[in-house]
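Have a look at the structure below before the remarks.
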Amino acid sequence: MNDTTFLEIDGAFGEGGGAILRLSAGCSILFNIPIKIKNIRANRPKPGLRLQHLLGLETLSELTNSTLSNCKVGTTELSFIPKKNAKRDIHLNISTAASIGLLLQPIQIASLCLRETGQIEISLSGGGTFGKWAPSLNYLQKVTYPIFAKAGLMIDIDIQKHGWYPKGGARVKCRIKPPNIKLKALNLTELGDVDLIRGEIIITNQLRRNRDNIAVRIRKAINQSLKRKLRIDTDIKYSWVNSTSPGIGLSLWSESDTGAIISTGTLLGEKGLTSEKLGGMAANEIVKYIQHNIPVDNYLSDQLIPLMAYIGAPSSIKVLEITSHTRTNLELIQLFANREYRIVKEKNGFIIEYF
């Protein structure tokens, strides 16, 4: 295959991070376009592929029988030739705390077009269910995948063991049922009424204390902050789990009467961050979406853009802001999709429309 048949992508484009790799690889299969990516993460302190990026590309290649050029940690240029001969079952061992949520992103994009495959099951041993700058698996369970289901893509995650940095050690099964019917348009431009905020606080048993229940303190801080700012009921649960490394992860979310699901995204406990501060941060995050009538949070919008670009019918979402990450995704997908989009500024946010 000649070089002229490849779509060439500058890996330093926009934010220049791993998202370009994940999005490009997923879209390569989705739109059946071979790609070459150069200058991979060129502006990062450690340029080139990191292990988690390499694992994601190798998994996608194995799952779909696509051709990935010879790669290793540190590789700064690669090629990817897509195929759609997807396997039904695949098992992946992860020796680090690499984010499972990020690893699944190119797979969930590609699965939109794997209609002849039937259900796909991915078993993962190792990795992290929580990690910095990454969607946790409970966020995907409660927010991202229910919205995907409205369009016609069904993804289910079974978390058998959680994993945190630095050792990971998660055990997860992901089941994907690619759509066998025409995908439905997504139109989430009004939040509507919210009458219940749900939440999940997950803490490892290493952090249990006899007299100081961290989970109760976090929940109390969330409820107190929300009560001061909103008159909305809450249902916030917590659970203690076994994990190789200690950690705290939490997410708040709420489904409105329009079918929108807003969320805080994923928040993590850190050294020096009190339970009260963490709870307050979570409350403030979801309040800003409710007060501004925003139906799609900043984290969800990035995951919906590939879906909107692929769906044939006009789709639109309303977001609070256009982040640099969102703009990079929009511009990158234009290299693959023959779809026009526009951004419309409104008083309390922005509308992203594909038409």
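The values are calculated or read from the model by the stated rules, or taken from the named source; none is laboratory data. Bear in mind the structure is a predicted one, so any value in this text is a computation, not a measurement. Glycine gets a Cβ as well: all are built from the backbone with ideal geometry, and neighbour counts include every protein chain shown.
Some values worked out for this structure:
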item: Residues of region 335-351 that turn out to be touching a residue at least 24 places away in the same chain (Cβ under 8 Å) and farther than 14 Å from ALA313 by Cα, as a count; result: 7
item: Members of region 100-117 that are without any contact (Cβ under 8 Å) to a residue 60 or more places away in the chain and farther than 18 Å from PRO306 by Cβ; result: GLU116
item: Yes/no for LEU68 being more than 19 Å from the chain's Cα centre (by Cα), outside the structural domain of ALA12 (by TED's automatic domain parsing) and either crowded, with 16+ Cβ neighbours inside 10 Å or of a type outside the set (Asp, Glu) (or both); result: no
item: Residue that is touching a residue at least 12 places away in the same chain (Cβ under 8 Å), over 27 Å from SER123 (Cα atoms) and either aliphatic (A, V, I, L, M) or in the same structural domain as LEU104 (by TED's automatic domain parsing) (or both), where the choices are LEU60, LEU7; result: LEU7
item: ASP235 being more than 30 Å from SER111 (Cβ to Cβ), part of a strand (DSSP E or B) and over 22 Å from the mean Cα position of the chain (by Cα); result: yes
item: TYR299 vs. criteria outside the structural domain of GLU255 (by TED's automatic domain parsing) and over 17 Å from the mean Cα position of the chain (by Cα); result: no
item: Flag if ILE351 is crowded, with 21+ Cβ neighbours inside 10 Å, within 22 Å of the chain's Cα centre (by Cα) and over 16 Å from ILE109 (Cα atoms); result: no
item: Yes/no for VAL194 being among the hydrophobic types (A, V, I, L, M, F, W, C) and over 30 Å from LYS318 (Cβ atoms); result: no
item: Per-region count, region 239-278, residues charged (D, E, K, R) and either in a loop (DSSP other than H, G, I, E, B) or at pLDDT below 95 (or both); result: 3
item: Matching residues in region 302-334 - criterion: being over 18 Å from SER263 (Cα atoms), free of Cβ contacts under 8 Å to residues at least 40 places away in the same chain and surrounded by 18 or more Cβ atoms within 10 Å (Cβ to Cβ); result: LEU330
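Matching residues to (1) touching an Asp or Glu at 6+ places or on another chain (Cβ under 9 Å); (2) assigned to a strand (DSSP E or B); (3) surrounded by 15 or more Cβ atoms within 10 Å (Cβ to Cβ); (4) assigned by TED's automatic domain parsing to the domain that holds PRO179:
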| site | (1), (2), (3), (4) |
| --- | --- |
| ASN93 | no, yes, no, yes |
| ALA98 | no, yes, yes, yes |
| LEU104 | no, no, yes, yes |
| GLN108 | no, no, yes, yes |
| ARG115 | no, no, no, yes |
| GLU121 | yes, yes, yes, yes |
| TRP133 | no, no, no, yes |
| ILE147 | no, no, yes, yes |
| GLN160 | no, yes, no, yes |
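Every residue, every condition in (1) buried (at least 20 other Cβ atoms within 10 Å of the Cβ); (2) modelled with pLDDT of 95 or more; (3) more than 30 Å from SER316 (Cβ to Cβ), yes or no:
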{"residue": "GLU200", "(1), (2), (3)": "no, yes, no"}
{"residue": "ASN210", "(1), (2), (3)": "no, no, yes"}
{"residue": "ARG219", "(1), (2), (3)": "yes, yes, yes"}
{"residue": "GLN224", "(1), (2), (3)": "no, yes, yes"}
{"residue": "ARG228", "(1), (2), (3)": "no, no, yes"}
